[in-house]
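What follows is a short report on a single structure.
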Amino acid sequence: MRAAQAIERAAIELGAAREVRHVDTLEYTTKMFRNLYSRAYIDMVNKAPDVLGWLYDQMDKPWKNERRRLAFDKLNTRPFVRFLKDFQPDITICTHFLPAEIISWLKAKRKLDTPQAIVVTDFDVHAMWLVHHFERYFVALDETRAHLEKLGIPSSRITASGIPIDPVFARPKDKTEMRRKYGLRPDVPAILISAGGFGVGRVRQIVESMLEVKHPAQILAICGRNTDLQREIEKDAARISTGSKLSIKAIGFTTDIDEYMAASDILLGKPGGLTSSEALARGLAFVIVNPIPGQEERNSDHLLEQGAAIRCNNLPVLAYKIDRLLDDPSRVERMQAAARCMARPRAAYDIVNSLDSFSPQKSVSHS
C-alpha cells in the first residue's frame, strides 16, 4: 500500500496521467480470501514466524504450482476483474504479486489490453512475483535484476529503480533543525524505534531492554494509533531517574515519520522493504531486531552485507549491542555512509518517468 501511495503521489506531482487511481486489490475479493491474506498472515507473523518462513521457502520455486495458485486466485478475485474491465486503465502498476498475476492472466486471454509494470517491494524477488505477461519489472537492487535475468526475464524489461517510497524522502531535511522542531538535544544520539510488525508485546520488551543502555541517548518510540502502547511507554519513560543520560519519548500517530528519521541517527526495528528503504534514504544506521523469517531475513542479509546494519537476535543483549555501537562513533558513521550508498530516495519519480517508454500517458491504476 505504501509503495503504491508513493507512486501515486509521484505521478500526481509530475502530472504524468489524466487520472491516477490507487486500488487495494483485497477490497475487490471475497471475505474469506481477504481474511486469508491479512488476518492469517498477521497471526502467523506473531504466533508462528518459523512456519511462515518455512512456507516462504517452500513456495519460492520459480514457475512451479502457478496454475493451481492462479485457479484459486481467479475464483476469489472476480470483483477485481470486473473493476479492471470497467476502468480500462492505460497503464497498470502492481506493488503486490496478487494483482500482477490476475492482470497477466487477463492479458494472456486478451480480456484486458493494458501495459503492466510490476514493482517488487523487497530487496529479493520471490517466485510468487513471477508472471508471463508484463512490460516491465522494477526491482530494488542490481543483484535482484541479475536474479530475474537468470529466471528468464529479458534484461531489457528490468529496471533496478529501488523500492518506491514517499517522495518526501527525496527532499533533504536538516538534522539540527528537525531536532529543534521535536524538542531533541542536538548533541546526543537519537535512536528511533518503529512499532512496525513487532506487535505490542515485543515493542514494550524492546523499550524495556533499552532502559539498560549506559550511553547518553534519546529514544523515540513510534507507537502509531496504538494508544495503549503509547501509555505503557510513557510509564517506562517516567521510571527513568532525574539526571539520567537516557530519555524516552513516546510518539503517537504521525505523518511526519520522514522528519523523525531525519532527526535520528539509528533506526531500531524490522527490515521490511519500505521501512528499510526509508531508513536508507535518511542515512540511518540500522539495528535489526528479530526479522520475520522469509523476506525480512533476506532483506537483512542485504543490509548486513553492505555494512548498513547490525542484527540483534536476543533482546536481553540489545542494550549491550547498542552500547558497543555507540562506543565507536566512526562505525556508526560508516554504517550511515553505507546506507546512503544503498539509498534510492527518488525511486517513485524514476518509475513514473519511465512509463513513457512503454505506453502513452492517459490513466494509471495502482494495485
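Numbers at a glance
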item: Hits among lysines - C-alpha to C-alpha of Lys47 under 20 Å, sequence gap 8 or more where chains match; result: Lys270
item: Derived scalar couplings ³J(HN,Hα) [the stretch 62-72; Karplus, 6.51 cos²θ - 1.76 cosθ + 1.60; whole Hz; x for Gly, Pro]; result: x, 6, 9, 6, 5, 5, 5, 5, 4, 4, 5
item: Protein accessible area in the stretch 161-255, 1.4 Å probe - carbon and sulfur %; result: 49 percent
item: Under-5 Å amide H pairs with Leu246, H placed in peptide plane, nonlocal only; result: Ala217
item: Hz values of 3J(HN,Hα) by residue in the stretch 149-161 - Karplus curve (6.51, -1.76, 1.60), Gly and Pro given as x; result: 4, 5, 8, x, 7, x, 4, 5, 10, 10, 10, 8, 8
item: Under 13 Å, Cβ to Cβ, from Asp301 - net charge with Lys/Arg +1 and Asp/Glu -1; result: -4
item: Solvent-free Debye scattering, log10 I(q)/I(0), computed from the Cα coordinates of the stretch 188-293 at q = 0.18 Å⁻¹; result: -0.84
item: Rounded accessible area of Ser156 (nearest 10 Å², 1.4 Å probe); result: 90 Å²
item: Bins of 10 Å, starting at 0 and running to the largest distance - Cα pair percent for the stretch 221-343; result: 13, 39, 39, 10, 0
item: Rule-of-thumb Rg ratio for the stretch 60-120 [Cα; 2.2 N^0.38 Å; N residues]; result: 1.10
item: The stretch 108-186: trypsin sites (Lys or Arg not before Pro) in DSSP coil with no more than 12 other Cβ atoms inside 10 Å; result: Lys109, Arg110, Lys111
item: Percent accessible area from carbon and sulfur atoms, the stretch 269-319, protein chains only, probe 1.4 Å; result: 41 percent
item: Fraction of accessible area attributable to carbon and sulfur, the stretch 1-132 (%, probe 1.4 Å); result: 51 percent
item: Sequence of Trp54, Trp63, Trp105, Trp129 when ordered by accessible area, the most exposed leading, probe 1.4 angstrom; result: Trp54, Trp63, Trp105, Trp129
item: Qualifying aspartates and glutamates (Cα of each under 13 Å from Cα of Lys150; at least 8 residues distant if same chain); result: Asp142
item: Leu36 paired with Asp350, simple spin-label distance in nm, labels 7 Å along Cα-to-beta-carbon; result: 3.6 nm
item: Average accessible surface area per residue within the chain, 1.4 Å rolling probe, Å²; result: 47 Å²
item: Relative contact order computed over the stretch 49-159 (Cα-Cα under 8 Å; 6+ residues apart), in percent; result: 23 percent
item: Neighbour-limited loop hits for trypsin sites (Lys or Arg not before Pro), the stretch 1-96 (at most 15 other Cβ within 10 Å; DSSP other than H, G, I, E, B); result: Arg18, Lys64
item: Largest-first principal axis extents, alpha carbons of the chain, Å; result: 70, 40, 37
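The values are calculated or read from the model by the stated rules, or taken from the named source; none is laboratory data. Since the structure is predicted, the reported quantities are computational estimates derived from the model, not experimental observations. Ideal geometry is used to build each Cβ from the backbone, glycine not excepted, and the neighbour counts take in all protein chains shown. Heads up: the accessible areas ignore ligands, DNA and RNA and are worked out on the full protein's heavy atoms, side chains in. Shrake-Rupley method; radii C 1.70, N 1.55, O 1.52, S 1.80 Å.
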